[in-house]
Amino acid sequence: MTLHSIIIQKLLTTNAHIGRRVAAHHLKIYTYGMRNQISIIDSDKTLICLRNAASFISHLARDKNARFMFVNTNLLFDEIVEQMTKKMGIYSPRDNIMWRMGGFLTNSHSPKKFRSRNKKVCFGPIQPPDCVVVLDTERKSSVILEADRLQVPIVALVDSNMPWEIYKKIAYPVPANDSVQFVYLFCNIITKTFLLEKKKLKALKGHIRKEERDLSTKESSKEIQESVQSKNMSNISSLNGEVLVVPYQNLAPASNDIAEIKNLLDKIVVVKFNDSLGTALGFNGPKSLIGIRDGLTSLDLIVNQIQSLNLTYGCHIPLVLMNTIRTHDDSLKALEKYSTSNVDILPLSQGHHTQKKSSSGQSSADELYPSDHAAAFLSLMKSSGTLDVLLSQGKEYVHVVSSDNVAAAVDPSTLFRIMSHLSQNNIEYCMEVTPTTSYLSESKMVNQQQGMFELAEIARTLPKDSTEKFKFIDTRSLWVNLKAIRRLVDTNALKIENLSISKEMEGDQMVLQETAAGSTIQLFDKAIGVDVPQFRVVQLNATSDLLLLQSDLYSTSEGILVRNAAQANPANPCIELGPEFEKVSDFQRRFKSIPSIVGLDSLKVAGDVWFGAGVILKGRVSIVAKPGVKLEIPDGAVLENKDINDPSDI
């Protein structure tokens with residue numbers, strides 16, 4: 001279903017197409033004809049008139065001194081108009097009912113005054129409005145006559161039997177049935193159009209002030225400029241910047257047309273970051289080579305996903321693997337088994353990144369500190385020549401997948417829904433986010449509503465402490481338009497090197513390539529966020545995440561992690577494993593088989609604990625062995641809402 005069909009269907013649900021028994025001759029251009037002695041209004045013509053009226057209001061709203069007047073006498077519309085004027089912050093018909101009298105507009109230049117015991121009434125506004133919006137045209141034809149005499153443009157709803165004497169005075173008629181549903185839709189369009197223009201005006205003023213500040217900064221000495229830049233760049237625009245977050249389920253569903261899906265998939269290239277080492281989990285090598293489930297690693301999963309898409313739809317989706325010096329060689333060896341597959345794998349090296357130093361001054365074997373994924377990707381596109389190769393192949397969008405998020409699926413439904421939305425709305429940059437648990441608990445409707453959120457409310461990494469200031473978590477999965485990158489490169493606007501900051505840590509100076517959420521987002525003209533469900537985000541940062549992935553909570557299908565539908569809670573269980581399970585080898589030794597955790601809310605394990613085969617965990621389970629006590633969970637044990645500290649508690 002196209003976007004136009006969806007809009008027409010929305011108009012039909014408001015009964016906007018139902019006219020009167022009589023269709024005036026001058027209004028027959030807006031009608032299909034008659035059915036059951038009722039004139040049927042053409043919804044396409046209604047949509048065109050709606051766009052013209054919204055365009056006029058949009059143009060007028062750019063003037064901060066513009067005055068709007070809304071006229072309504074239908075009690076059914078009072079609450080709708082009241083909410084609209086309150087959001088817009090303008091004159092409300094309820095504030096002064098004197099406009100209901102004749103001569104309200106035409107007598108405005110010499111208002112008459114009436115005195116009573118308690119008040120003095122000024123008859124007429126001080127200044128005439130710049131636009132009059134009439135919702136019930138038949139009832140207030142006198143206002144239309146007065147506005148026409150003053151040459152004030154009129155936007156009004158007109159029905160199929162509107163008299164010619166009234167109709168010819170309306171500058172922007174909207175032919176439709178004045179039902180409550182359509183009036184609500186009409187007022188909603190006016191409100192969003194008005195607020196959007198005001199927001200653009202505010203952003204333009206902020207951009208001008210920013211240019212003035214940048215100009216004054218350039219006039220300063222070079223030394224002062226560099227010191228200020230290194231100090232303040234970490235807070236780059238994330239305090240005042242905003243981004244529109246669109247819920248995933250609000251996107252148009254995937255098409256059933258194989259040819260359409262293939263055409264869209266052929267425009268995509270997948271970039272997988274492979275920059276993390278698994279030393280924190282006791283694994284000597286890239287984290288992407290840790291076995292997730294069924295003998296497959298996260299690198300195997302994404303290759304299998306793309307391979308399945310290429311075979312099913314006959315498309316060509318290449319995979320660009322962004323390695324570091326420490327992960328490049330091992331990853332190439334692991335990819336040798338895919339040399340005969342239908343997936344074109346292009347391994348690239350990001351170069352060396354500074355490592356974290358320990359207190360002794362030696363480089364630790366922990367993860368490297370890679371640059372922010374968006375900044376690193378854009379920097380590589382600028383310098384490696386890969387951008388020209390991808391554009392020559394007809395690629396339009398790049399899907400950047402995080403190195404740690406194992407549940408980020410490259411499935412046809414996800415790719416089609418997001419890609420279609422980006423392509424239809426000319427979006428240049430899209431970041432996938434997921435709501436925090438605290439935000440979900442305070443707003444149950446977060447998954448059904450889209451809105452503007454400050455970039456400061458989006459955390460780059462999962463906060464250790466539950467802080468209410470964060471509403472979303474950046475999954476590090478991105479969508480970037482290649483033509484937009486080319487434009488930035490050609491205009492020399494792509495200066496990623498300015499995003500790095502310098503930090504002091506434990507007396508040692510180290511350079512961390514890290515960026516606040518949304519720093520690179522400001523390089524693009526149109527950017528949004530897509531709110532994906534929480535279960536689509538599983539970061540492999542500890543063995544507790546490995547327990548989630550290897551349990552019956554997930555299964556694999558063509559390389560895609562599929563969540564068990566029996567798990568009612570949309571969020572994954574909170575699992576905390578003690579230091580005895582910190583390394584992958586210890587984790588594997590202490591579990592005879594991975595327990596069943598469908599129905600589990602939280603699990604805490606600490607001390608010398610060993611699990612048998614076929615263990616079932618449900619509800620809230622805490623297993624904390626006392627010092628010197630060995631706890632062995634027997635085979636087939638079912639633990640539900642239990643606290644276990646010694647063998648007698650089992």
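The values are calculated or read from the model by the stated rules, or taken from the named source; none is laboratory data. Being a predicted model, the structure only gives us computed values, none of them experimental. Quick reminder, even Gly has a Cβ in these numbers, built from the backbone with ideal geometry, and neighbours come from all protein chains shown.
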So Glu576, is it exposed (fewer than 15 other Cβ atoms within 10 Å of the Cβ), modelled with pLDDT of 90 or more and under 20 Å from Ile290 (Cβ atoms): yes
Counted residues in segment 142-165 being more than 17 Å from Pro175 (Cβ to Cβ) and either touching a residue at least 24 places away in the same chain (Cβ under 8 Å) or buried (at least 21 other Cβ atoms within 10 Å of the Cβ) (or both) come to 9
When Asn15 is run through (1) in contact with an Asp or Glu (Cβ under 8 Å, 6 or more places away or on another chain); (2) farther than 23 Å from Ala171 by Cα, the failure sits at (1)
Ser596 vs (1) of a type in the set (Gly, Ala, Ser); (2) more than 30 Å from Pro533 (Cα to Cα); (3) in contact (Cβ under 8 Å) with a residue 40 or more places away in the chain: all pass except (2)
Given the conditions (1) in the same structural domain as Met431 (by TED's automatic domain parsing); (2) more than 27 Å from Pro286 (Cβ to Cβ); (3) at pLDDT 80 or above, every one holds for Ser596 apart from (1)
Looking at Asn323, is it in contact with a Lys or Arg (Cβ under 9 Å, 6 or more places away or on another chain) and crowded, with 21+ Cβ neighbours inside 10 Å?
no
Turns out the strands (runs of 3 or more DSSP E) fully within segment 561-650 with at least 1 residues that are in contact with a strand residue (DSSP E or B) (Cβ under 7 Å, 6 or more places away or on another chain) and at positive phi are 616-624
With the first residue restricted to segment 254-265 and required to be assigned by TED's automatic domain parsing to the domain that holds Ser413, and the second required to be surrounded by 11 or more Cβ atoms within 10 Å (Cβ to Cβ) and of a type in the set (D, E, K, R), Cβ contacts under 8 Å at 6 or more apart or on different chains are Ala254/Arg417
How many residues of segment 284-301 are buried (at least 17 other Cβ atoms within 10 Å of the Cβ) and either among the hydroxyl-bearing types (Ser, Thr, Tyr) or touching a helix residue (DSSP H, G or I) at 6+ places or on another chain (Cβ under 9 Å) (or both)? The answer is 12
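Considering segment 615-638 alone, what residues qualify as being small (Gly, Ala, Ser) and surrounded by 15 or more Cβ atoms within 10 Å (Cβ to Cβ)?
Step one: of segment 615-638, the residues small (Gly, Ala, Ser) are 619, 622, 625, 628, 636-637.
Of everything in segment 615-638, those that are small (Gly, Ala, Ser) and surrounded by 15 or more Cβ atoms within 10 Å (Cβ to Cβ) turn out to be Ser622, Ala625, Ala637.
Let's see how each residue does on (1) in the same structural domain as Gln9 (by TED's automatic domain parsing); (2) in contact with a His (Cβ under 9 Å, 6 or more places away or on another chain); (3) crowded, with 19+ Cβ neighbours inside 10 Å; (4) modelled with pLDDT of 85 or more:
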| residue | (1), (2), (3), (4) |
| --- | --- |
| Ile170 | yes, no, yes, yes |
| Pro175 | yes, no, yes, yes |
| Asp178 | yes, no, yes, no |
| Gln181 | yes, no, no, yes |
| Ile189 | yes, no, no, yes |
| Lys198 | no, no, no, no |
| Leu204 | no, no, no, no |
| Ile208 | no, no, no, no |
| Ser220 | no, no, no, no |
The residue from Ser331, Ser341 that alone is within 22 Å of Ser557 (Cβ to Cβ), in contact (Cβ under 8 Å) with a residue 24 or more places away in the chain and more than 30 Å from the chain's Cα centre (by Cα) is Ser341
